[in-house]
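So the structure is just underneath, and the comments pick up after that.
The values are calculated or read from the model by the stated rules, or taken from the named source; none is laboratory data. Note that the structure is predicted; figures quoted are calculated from it, not measured. Positions of Cβ are backbone-derived with ideal geometry, glycine not excepted, and every protein chain shown enters the neighbour counts.
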Amino acid sequence: MALLVLSGCVGPGDPGEPTEVLLKTTTFDSSPESSEARILLTDVARLPADWSGYEALVIELRASSSQRMNLKVYTAGEDSGSGEPLYSRVLFHPYPNVWVRAAIPVALLAEAPSTGNDMAAVGNRSRNGYFLSLWGPFVPLTNVEAIAFEMDHPVGSPTLEIRSVELAETSPGDAVLDGLPVVDRFGQSTHDAWPDKAESLEDLEQAWKRDEETLAPGDLGYCRYGGYENTRAGKTGFFRVEKVDGRWWFVDPDGHLFLSAGCDVMRPAMVTPARGRDGFFEELPPAGLLDGLTRDADRGASFLTWNLSRRFGEGWKNRWVDMTFQRMEAWGLNTVANWSDPALYDAKRKPYAIPLARWESEVSYLGLPDVYSDEFTRRVDERAKEQCAPRKDDPWLLGYFLANEPPFPQKELQTVDLILAGPDSATKAALQKWLADGDTEERRKEFIGEAFDRYIQITSAAVKRHDPNHLNLGMRSGGRPTAAEIRAARAFDVYSVNVYDYEVPAERVKQISELTGKPIVIGEFHFGTPGRGLAASLVLVRDQAERGRAYRYYVEQAFAQPELIGTHYFQWADQPCTGRFDGENYNIGLVDVTDRPYPHMVEALQETHGRLHRVHAGEEEPFAEKARVN
């Protein structure tokens, strides 16, 4: 971990004008220790200690890498519990090798976010030239002492240059100050280089031809549904779950044991915002290319879609669907997982799991709807009928995810504050009645637990009422679900949880299964590395080879656990280098923006998926080589 601490130097100027600072340049090394030379703002010039009257912290900087950094703002005093210095923190993900003006709202640094229906929506903020993740902690910025940039596990000795820092009463806005365009006509970063970067359409055409020549179905012993042909269990015509000799399994419609090896966001479009980004793109995709593909069509551009149309020509969408299934056969994937294109569901060539549309009412508190209102119950029934009844007879449907990473079960006290401060609602009335019998921190948490339980029971009952045949796959809990959150999930058939880490903690899986009596599916995980103008993702490894190694270790170690029956990788294609709707620009794909697979990932999928049955059955030891981080 390496650390750079900044401060201002004395200089003239009226409030709101840039405060000149010493040019700071640092190289982040791979030392496991952090070093800090804190400089007090009171020892230097015009950055005041009280930031409450300012709209934005404005920094002009250039980073050599897209690897994220912690931007910390230290304040006077210590945390009463740990004795550590008090600070606010946001994760800062820069575009590489261009000067950027980052006009970061002071409110984002000082206050925990209070909007969003899932964890990504709560935490991510898209900005021009960078994006932010609001993970906290957050403290009032009324007695600031220092600013620091910190990087965990730097890859490749990245550098950071800073030429000015100011506080602005009125934000000047974010900007890329030089180096436009930052995206070429194939959707690649113009300011990063890598060995197989496409320089021409001819480069891509040759690569696509080689790709097609390598595709051949794997010999994994799958039946038509992706279950294991040589196994037998009770046949019901739909997917179900069963514990056999102490180990949980899916059972496919033909009665074969099944383990779900899937991928999320299998879509032919990865949209990046285009409005307000004049000059960002060397050339924009043709107008109308996204019509009918995505709700973001009127707001952005998808270079992945443009490259697919270049690759396949007229009728490219149908050819992409066919190619996607060929790749699944060759790579050993047997499940089309969350947020994928409906054409893949409707093709009925692989089992699929789908998310149900949000249940939120007009009033919502960090993803908690107005669950005590009659209107909520009525609306849930209508939405369940609309979404589930048409699929109730489809044997290819693995099951439904009811929601995605609802934040409120793990932010109980903040959610209570939002309810009490919000407009009148049935849930607010229920909370006030609850607190009338005693207003303590523990009772506030208990109320959120009761509300979550009600949320689950109402939605689960509606789904089962309109589709009694398919599995309830849960709400894809995020982070580290609380015991109360887990216990509330008794209506699920499978407990889904998203685990972004280098491995799935066995003790957490065991706890979930013991509290629910259900098997477990990992709804999301991934690995990334900085490069190609892309950030490393939530779980960083050193390079592309280590991404493959990380996949093998994570998946095989997970399936070695008797309670775990599915892992769904997030996601099919890299995110855009200028960020998706919320700014994320992660190098996490099985394929890149030009629709070329990552060879190390493909090799890892093929090796690991060929072993999953034996690993889960306890007949073989899981892959045991951990990925290197830096």
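Say whether the condition of being out of contact with any His (no Cβ under 8 Å at 6 or more places or on another chain), among the aliphatic types (A, V, I, L, M) and within 19 Å of residue 307 (Cα to Cα) is met by at least one residue in the stretch 203-218.
Taking the stretch 203-218 first, the residues out of contact with any His (no Cβ under 8 Å at 6 or more places or on another chain) are 203-217.
So of that shortlist, the ones also among the aliphatic types (A, V, I, L, M) come out as 204, 207, 215-216.
Now narrow it down to the ones that are within 19 Å of residue 307 (Cα to Cα): 204, 207.
The answer is yes; a qualifying residue exists.
Looking at 567, 578, 594, 608 in this structure, which one is among the hydroxyl-bearing types (Ser, Thr, Tyr) and part of a strand (DSSP E or B)? That would be 567, the only listed residue that is among the hydroxyl-bearing types (Ser, Thr, Tyr) and part of a strand (DSSP E or B). At pLDDT 95 or above, touching a Lys or Arg at 6+ places or on another chain (Cβ under 8 Å) and either in the same structural domain as residue 51 (by TED's automatic domain parsing) or crowded, with 19+ Cβ neighbours inside 10 Å (or both), is that true of residue 117? So residue 117 fails the test.
When restricted to residues that are exposed (fewer than 15 other Cβ atoms within 10 Å of the Cβ), within 21 Å of residue 113 (Cα to Cα) and without any contact (Cβ under 8 Å) to a residue 40 or more places away in the chain, the stretch 418-444 contains 3. Which of (1) surrounded by fewer than 22 Cβ atoms within 10 Å (Cβ to Cβ); (2) at pLDDT below 95 does residue 502 not meet, given it meets every other one? Residue 502 satisfies all of (1) surrounded by fewer than 22 Cβ atoms within 10 Å (Cβ to Cβ); (2) at pLDDT below 95 except (2). Got at least one residue in the stretch 579-590 being without any contact (Cβ under 8 Å) to a residue 24 or more places away in the chain and in the same structural domain as residue 274 (by TED's automatic domain parsing)? Among the residues of the stretch 579-590, at least one is without any contact (Cβ under 8 Å) to a residue 24 or more places away in the chain and in the same structural domain as residue 274 (by TED's automatic domain parsing), which makes the answer yes.
Of the residues in the stretch 302-319, at least one is assigned to a loop (DSSP other than H, G, I, E, B) and in contact (Cβ under 8 Å) with a residue 12 or more places away in the chain.
Is at least one residue of the stretch 90-104 farther than 19 Å from residue 577 by Cβ, surrounded by fewer than 16 Cβ atoms within 10 Å (Cβ to Cβ) and outside the structural domain of residue 413 (by TED's automatic domain parsing)? No, the conditions are met nowhere in the stretch 90-104.
Scan the stretch 513-535 for residues that are of a type in the set (A, V, I, L, M) and buried (at least 24 other Cβ atoms within 10 Å of the Cβ) and jot them down.
Correct list: 520, 521, 522, 534, 535.
Among all residues of the stretch 57-73, there is at least one that is touching a Ser or Thr at 6+ places or on another chain (Cβ under 7 Å), in contact (Cβ under 8 Å) with a residue 60 or more places away in the chain and surrounded by fewer than 20 Cβ atoms within 10 Å (Cβ to Cβ).
Only one of these is in a helix (DSSP H, G or I), over 19 Å from residue 615 (Cβ atoms) and charged (D, E, K, R): 213, 199. Name it. It would help to see each step written out before you state the result.
Details: 199 fails: in a helix (DSSP H, G or I).
From the options 213, 199, the qualifying one is 213.
Tell me, which residue of the stretch 371-416 that is small (Gly, Ala, Ser) and assigned to a loop (DSSP other than H, G, I, E, B) is farthest from residue 435 (Cα to Cα)? Ranking the qualifying residues of the stretch 371-416, first place goes to 403.
Would you check which residues across the stretch 414-471 are of a type in the set (A, V, I, L, M, F, W, C) and either farther than 24 Å from residue 122 by Cβ or not assigned by TED's automatic domain parsing to the domain that holds residue 400 (or both) and list them? Let's see the steps before the verdict.
Of the residues in the stretch 414-471, the ones of a type in the set (A, V, I, L, M, F, W, C) are 416, 418-421, 426, 429-431, 434-436, 447-448, 451-452, 456, 458, 461-463, 471.
Result: 429, 434, 435, 436, 461, 462, 463, 471.
Pairing residues of the stretch 445-456 that are small (Gly, Ala, Ser) with residues that are surrounded by fewer than 20 Cβ atoms within 10 Å (Cβ to Cβ), at Cβ distances under 6 Å and at least 6 apart in sequence or on separate chains, gives 449/484.
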